[in-house]
Every structure is written in C-alpha cells, then in structure tokens.
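What follows is one structure encoded as structure tokens, with my remarks underneath.
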Amino acid sequence: MVIALKTMESAEEESLLGLESEEEDSELSDGELQEAFTKGLLKPGMNVLVEKTKKLVNNVEGLKQCLADFRRDLSWVERLDLTCLPAKDALSQVEGKVPTETNGGPDAEDDFQREMFFYRQAQATVLEALPLMKMHDINTRRPDDYFAEMAKSDQHMQKIRQKLTTKQMILEKSEKAKKLREQRKFGKKVQIEVIQKRQKEKKAMMTAVKKYQKGMSDKLDFLEGDQKKGKDSSGGPSKALNKKGPSAKRKYKDQKFGFGGKKSGKKWNTKESYNDVSGFKARVAHAKGGKKGKKGKQNKRPGKSVRKKMKGRS
C-alpha cells in the first residue's frame, strides 16, 4: 500500500511539472511572438491554419450486416408496406401535356410538381392496398358503435372547461362595463342637450312675455307651452308667425292719435250718431233703479238731524 501511494504521488508530481513546463513554453512562445511583431518580422501568409481532411469510410460489409439485422421475415399484414409508382396524371391527359415521368420525373425545385407527385403516389398506394386489406379481413372503416379512449382525463377536461367559462365571464363583464360607460357618456350628452333646450325655451318665453308687457305683441301663445309646440311641429309652421301686420301697440296709437290730418271735432255729433238710439237706457238716463247686484252696499247711516236727536237723548 505504501509503494502504491508513493507511485501515485510521483505521477501527480510529474503531471504538475509537465503542466508547468507547457505553460512556460507557451509564455516563451508568446513573448517571442510579441518581440517578432515589434521588430516587424511577422508577415501575412507565414502562419496558415491547415485543416485536416476528413477520412471517409465506406464500410459496405458493416452496412450489409446492419441491414440483415433489421430485416425480418414477416407477413405483409404485420409490415403493411408497399412500393409502387404514382398514378396516372389525369390533368396532363386532359390538357394534352406530356407526363412528368417521361421527362425524367418532376422538378425537385417546383413545389407544385413535387406535391402532386406525392399525391399521385399515395393515391396509387391506396388503390393497391385496399384490396389486399380486404383479402386479409382488415377493417378499413370505423364501426358505428366504436368509442375511443380519450387522450385526456375527465378531470383535466373539466379544468379546461372551467377556465374557458371564467374567460368568457370576464369578457362578458368587460363588454358590459364598456356598454355602461358608453351609456353614461350618452346619458350625460342627452342631459346636457335637454338642459340647453330648456334654457333656450325659457329664454324664448321670457322674451315673449317682455314683448307682451311692452305691447309689442297681443298673442299669448307662449302660455300654451308644449301643446302649442306639438301642434306646430305636427301641422307645420303656424300661420300666426308668418302673418305680417302692425303690432298691438301700433294699433292702439293709431286709434288714439289717428293717421295724421285733422284731429279736432272727433266727438261732435253727426246726423247718423244723433238718430242712433241703440245705446240709450232709460233707467240709467233718468236714475230709475240702481245698479243690480249692489243692494248689499247701500249706505245705512242716519241723517244729521237724527244724529243730533240721538245725541240729545243721551
């Protein structure tokens, strides 16, 4: 055991010494290269990396041995392999073109030709394989009462269903929130429009009242409110608005002051006014009978002599 330990220690020391010597050589070589570079001794083309050519080995016997190991004498039912040429190109026959097989096969760079070649080869294989499978009693169609085992368990599918429902609920909530925000914006807009409309109506009503107070208008349409507006909107513009003519103030002044010219002698009687006795009332003219409806307001105060007698008695 002692000898073995000594040999191991000596081997480790030798390896360490070898590493140190390699490092020293590398350091020396680096230093020499730096000196040569400073002196200008290094020139392009002096140090060239030469790649070693890879030796190719074609072991034919070994490949044959591997192929023999892979090959097994099994029936076609166990192998289900077929090697056949592609089916006839019906499109080229209809169009009268030369098939690609006669021109040396399809162009490998042409994707369409390559895929069509694969398709026709698969078609020919199916047409050849189906009779063989029927001959060996192999079903090619799934029965109606066939239930395949699910790749994922019911619990896993339940989790997926729950996640999908939660996502759908989140989307519905977000859509509802968006609709509510839009409705609020629209409601605020409508509210502002209604307030502005009311202010406008109020202003128009105030101007109409002022005109009526000043005698510029004798119409009380503004008191009817929305009913009048509804009628106007249904029946079109009112005739009163389109009617042109003098205002009530103008009419009153014309009646009072006239239209110019002679103003004296307006209250003089004429032959027609003298003969007109339609407004004559005998009771009023001769003070016969008082006005009806004022009996309760007659003066019941006694006369002066009566009042003196009453004073003397007291």
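The values are calculated or read from the model by the stated rules, or taken from the named source; none is laboratory data. Predicted, not measured: the structure shown is a model, and the values here were computed from it. Cβ coordinates were reconstructed from backbone atoms using ideal geometry, including for glycine residues, and neighbour counts include every protein chain displayed. Note: accessible area is taken over every heavy atom of the protein model, side chains too, but ligands, DNA and RNA are not part of it. Shrake-Rupley method; radii C 1.70, N 1.55, O 1.52, S 1.80 Å.
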Förster radius 41 Å - calculated FRET efficiency between residue 94 and residue 140 (Cβ-Cβ, nearest 0.05): 0.85
Modelled FRET efficiency - R0 41 Å, residue 37 with residue 57, Cβ distances, 0.05 increments: 0.45
Virtual spin-label span in nm between residue 196 and residue 184, 7 Å along Cα→Cβ: 2.2
Segment 60-136, accessible surface, carbon-and-sulfur percent (1.4 angstrom probe): 59
Computed FRET value (nearest 0.05) for residue 68 with residue 154, which takes r as the C-beta separation and R₀ as 51 Å: 0.55
Overall form of segment 60-136 per C-alpha gyration tensor (a/c, 1.5; a/b vs b/c): oblate
Relative contact order, percent, segment 60-136 [alpha-carbon distance under 8 Å, six or more residues apart]: 36
